[in-house]
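What follows is a single structure, written as structure tokens, with notes after it.
The values are calculated or read from the model by the stated rules, or taken from the named source; none is laboratory data. The model shown is predicted, which means the values in this text are computed figures rather than measured ones. Cβ placement follows ideal geometry from the backbone for every residue including glycine, while neighbour counts extend to all protein chains displayed.
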């Protein structure tokens, strides 16, 4: 049996990019952002910040399942897929995204087991939906959109507090029936005193016997295998080190028309000059060794805008969020974010790739205009994205 390690909320060793005080030293480019033809990616700068928050268990490989069993778990290694044992302690999270291609309705469950010799206490919160509940997979109505909106606003439809688990006790914390051909998406948080093993499983029902039977086998389905050596491409089935990329951009804003852009949501092998994906603490051997796509994770970016005082003319500044993918698919990003505390729809398609987050005027000598942009990366997102600053 593989040795057991513990995943906690202690920040992991994700590189932190130094924050420049003056973006003029990073060469603001001439010209504004043309939403019909975005600027070249080669000019994008590393996004300041790094990983923070507890680890996230992600279950997305196989994305499509056809039968009962474990989709991903930390109880024991899989005889066919590798992995190992890992305990969740302190604060951690779950993100799940699957499609039922079995012949009948199936139940997806998040199950945990107290692996200690004394009682464990936990709280569990978040939300998860199948597409039957949300009205389909269309823009603005998919489970992916709804989960992203509720998570970033703290509108948890599932919330249980002070659940007590005896030694070795097994329990399903959340279950959802999924019709044939339907998608399910969910994002949850867990706080535990003690330590737990966890798994995402497929069953016909939720009796103790059905849960135990499912934990003994791998769920069959369409596994997207990662390259070797790792990381990463392929889908995620693992526990990844952090749940948030947090950073601050300080910008001394020159006279327009100029722009400065920053990478968002990048992975090894994506062609970006910066990798933002968090490393796996544990993953199946056939799955991503980093959080490719950052699904279920949050970007929490503070932007401080200050007039550069090079002259007495005011500056009109716009902050933009853009998707850089080019594939002919229905969406590149469809979710909800917060600009300061204001809900903002983030919906990018091949015909609309840019969202205006904020627009403000800066006077010489005036205090910085500080805004905070937060968004959970929804399922079905296509990487990468960018934040642009425009001086007009």
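Identify, please: which residue in the stretch 250-267 is more than 16 Å from the chain's Cα centre (by Cα) and more than 17 Å from residue 39 (Cβ to Cβ) and is, among those, surrounded by the most Cβ atoms within 10 Å (Cβ to Cβ)?
Of the stretch 250-267, the ones more than 16 Å from the chain's Cα centre (by Cα) are 250-262.
With the extra rule that they be more than 17 Å from residue 39 (Cβ to Cβ), the set shrinks to 250, 252-253, 255.
Working: 250: 17, 252: 21, 253: 27, 255: 15.
Going through the qualifying residues, I end up with 253.
Looking only at the stretch 55-86, how many residues end up being in a strand (DSSP E or B) and crowded, with 20+ Cβ neighbours inside 10 Å? Quick ask: steps written out before the conclusion?
Within the stretch 55-86, the subset in a strand (DSSP E or B) is 56-59, 64-65, 69-73, 78, 82, 86.
Checking the rest, the ones that are also crowded, with 20+ Cβ neighbours inside 10 Å come to 56-59, 65, 69-73, 86.
Residues in the stretch 55-86 being in a strand (DSSP E or B) and crowded, with 20+ Cβ neighbours inside 10 Å: 11 in total.
Considering only the stretch 331-367, state which residues are within 22 Å of residue 143 (Cα to Cα), touching a residue at least 40 places away in the same chain (Cβ under 8 Å) and exposed (fewer than 14 other Cβ atoms within 10 Å of the Cβ).
If the condition is that a residue be within 22 Å of residue 143 (Cα to Cα), touching a residue at least 40 places away in the same chain (Cβ under 8 Å) and exposed (fewer than 14 other Cβ atoms within 10 Å of the Cβ), then 343, 345, 352 are the ones that fit.
Are any of the residues in the stretch 129-142 part of a strand (DSSP E or B) and surrounded by 15 or more Cβ atoms within 10 Å (Cβ to Cβ)? Before you say what the answer is, go through the steps one by one.
Keep residues of the stretch 129-142 that are part of a strand (DSSP E or B), which gives 129-130.
Filter once more, keeping what is surrounded by 15 or more Cβ atoms within 10 Å (Cβ to Cβ): 129-130.
Checked the stretch 129-142: at least one residue is part of a strand (DSSP E or B) and surrounded by 15 or more Cβ atoms within 10 Å (Cβ to Cβ).
Just to be sure before I move on: is residue 93 buried (at least 17 other Cβ atoms within 10 Å of the Cβ), over 18 Å from residue 334 (Cα atoms) and in contact (Cβ under 8 Å) with a residue 24 or more places away in the chain in the structure I sent? Step through it out loud before you land on a result.
Working: buried (at least 17 other Cβ atoms within 10 Å of the Cβ): yes; over 18 Å from residue 334 (Cα atoms): yes; in contact (Cβ under 8 Å) with a residue 24 or more places away in the chain: yes.
Here the answer is yes, as residue 93 does meet what is asked.
Is it fair to say residue 272 is at pLDDT below 95, surrounded by fewer than 24 Cβ atoms within 10 Å (Cβ to Cβ) and touching a helix residue (DSSP H, G or I) at 6+ places or on another chain (Cβ under 9 Å)?
Values: at pLDDT below 95: yes; surrounded by fewer than 24 Cβ atoms within 10 Å (Cβ to Cβ): yes; touching a helix residue (DSSP H, G or I) at 6+ places or on another chain (Cβ under 9 Å): yes.
Here the answer is yes, as residue 272 does meet what is asked.
Only one of 13, 35, 91 is at pLDDT 95 or above and not in a helix (DSSP H, G or I); which? Outline the logic, then answer.
Details: 13 fails: at pLDDT 95 or above; 35 fails: at pLDDT 95 or above.
None of the other options fit; the residue is 91.
Is it fair to say residue 160 is surrounded by fewer than 22 Cβ atoms within 10 Å (Cβ to Cβ), within 25 Å of the chain's Cα centre (by Cα) and part of a strand (DSSP E or B)?
Working: surrounded by fewer than 22 Cβ atoms within 10 Å (Cβ to Cβ): yes; within 25 Å of the chain's Cα centre (by Cα): yes; part of a strand (DSSP E or B): yes.
It is true that residue 160 is surrounded by fewer than 22 Cβ atoms within 10 Å (Cβ to Cβ), within 25 Å of the chain's Cα centre (by Cα) and part of a strand (DSSP E or B).
Which of the numbered conditions does residue 296 fail, given that it passes all the others? Conditions: (1) within 25 Å of residue 38 (Cα to Cα); (2) buried (at least 21 other Cβ atoms within 10 Å of the Cβ).
Unmet condition: (1).
Looking at (1) in the same structural domain as residue 281 (by TED's automatic domain parsing); (2) surrounded by fewer than 24 Cβ atoms within 10 Å (Cβ to Cβ), which is the one condition that is false for residue 181?
(1)
For the structure I just gave you, tell me whether residue 381 is closer than 30 Å to residue 60 by Cβ and without any contact (Cβ under 8 Å) to a residue 40 or more places away in the chain. Give the derivation first.
On the way: closer than 30 Å to residue 60 by Cβ: yes; without any contact (Cβ under 8 Å) to a residue 40 or more places away in the chain: no.
No: the conditions fail for residue 381.
Filter the stretch 38-48 down to the residues that are part of a loop (DSSP other than H, G, I, E, B) and without any contact (Cβ under 8 Å) to a residue 24 or more places away in the chain and list them by number.
Of the residues in the stretch 38-48, the ones part of a loop (DSSP other than H, G, I, E, B) are 38-40, 44, 46-48.
Hit for the stretch 38-48 is 40, nothing else.
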